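Comments concern the structure below.
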Amino acid sequence: MTEGFTLVYDDTSVNGTIMTNADVEAKNDEWRLLYEVVCTAPAAFGRIKNSFVTYQGPTTTVVGRVTITPDIHPANVFHTALGTNYMEVRLMSNISQPIEATVRMYQRNGAGKAFGEPAFHLMIFVLIYFGISSFT
């Protein structure tokens with residue numbers, strides 16, 4: 001992450017704030033990365049694309065921050081409540097536009113167990129589908 005911007009959702013900005021990538025890197029000292037995924041969905045003429053990311057961590061995990069670094073600006077971003085071990089993020093494109101973004105989920109350092117718990121505790125589902133056609 002060197003240039004561009006990132007949408008940040010955490011306990012200080014529940015509705016989200018826009019930060020430069022350099023600011024996000026500088027303020028990540030108190031956060032531990034839980035999961036990172038690159039979401040892509042190719043453009044389809046006259047269609048809205050959706051990309052879903054679902055994270056289910058162990059019960060001791062608390063997702064306290066979600067960051068979205070878009071290469072192409074999504075029309076809408078939806079996510080479930082922070083402060084639990086479960087997080088869903090939905091990216092929705094503009095009509096006829098692709099989705100290209102990186103979603104990262106963090107936990108505060110010192111919260112929960114140490115990173116590196118058995119992999120079977122981690123369930124991640126990424127679903128990309130074509131969305132709703134809208135022709136005008």
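Say we look at segment 74-103 and pick out the residues that are touching a residue at least 60 places away in the same chain (Cβ under 8 Å) and surrounded by 22 or more Cβ atoms within 10 Å (Cβ to Cβ); which of these is farthest from P58 (Cα to Cα)? Working first, answer last.
Step one: list which residues in segment 74-103 are touching a residue at least 60 places away in the same chain (Cβ under 8 Å), which gives 77, 79, 82-83, 99-103.
Adding the requirement that they be surrounded by 22 or more Cβ atoms within 10 Å (Cβ to Cβ) leaves 99, 101, 103.
Working: I99: 29, A101: 25, V103: 19 Å.
Taking the candidates together, the pick is I99.
For segment 51-66, name all the residues that are part of a strand (DSSP E or B), farther than 16 Å from Y9 by Cβ and touching a His at 6+ places or on another chain (Cβ under 9 Å).
Q56
In segment 1-50, what count of residues is obtained for those that are of a type in the set (D, E), in a loop (DSSP other than H, G, I, E, B) and crowded, with 17+ Cβ neighbours inside 10 Å? Break it down into steps so the answer makes sense when it comes.
Here is the first cut: in segment 1-50, the residues of a type in the set (D, E) are 3, 10-11, 23, 25, 29-30, 36.
From what is left, the residues that are in a loop (DSSP other than H, G, I, E, B) are 3, 11.
Next, from what is left, pick out any that are crowded, with 17+ Cβ neighbours inside 10 Å: none.
Number satisfying all stated conditions: 0.
Out of the residues in segment 1-24 meeting the condition of being charged (D, E, K, R) and either under 14 Å from the mean Cα position of the chain (by Cα) or under 17 Å from D71 (Cα atoms) (or both), tell me which one is modelled with the lowest pLDDT.
First, the residues of segment 1-24 that are charged (D, E, K, R): 3, 10-11, 23.
Adding the requirement that they be either under 14 Å from the mean Cα position of the chain (by Cα) or under 17 Å from D71 (Cα atoms) (or both) leaves 3, 10.
Details: E3: 70, D10: 88.
This residue is E3.
If I ask for residues that are part of a strand (DSSP E or B) and within 26 Å of P98 (Cβ to Cβ), which ones from segment 67-87 would you list? Lay out the reasoning, then the answer.
In the first step, residues of segment 67-87 are kept if they are part of a strand (DSSP E or B); the result is 67-72, 76-79, 84, 86-87.
Those that are part of a strand (DSSP E or B) and within 26 Å of P98 (Cβ to Cβ): T67, I68, T69, P70, D71, I72, N76, V77, F78, H79, M87.
The values are calculated or read from the model by the stated rules, or taken from the named source; none is laboratory data. Because the structure is predicted, anything quoted here is derived from the model rather than measured. Positions of Cβ are generated from backbone atoms using ideal geometry, with glycine treated the same way; all protein chains shown enter the neighbour counts.
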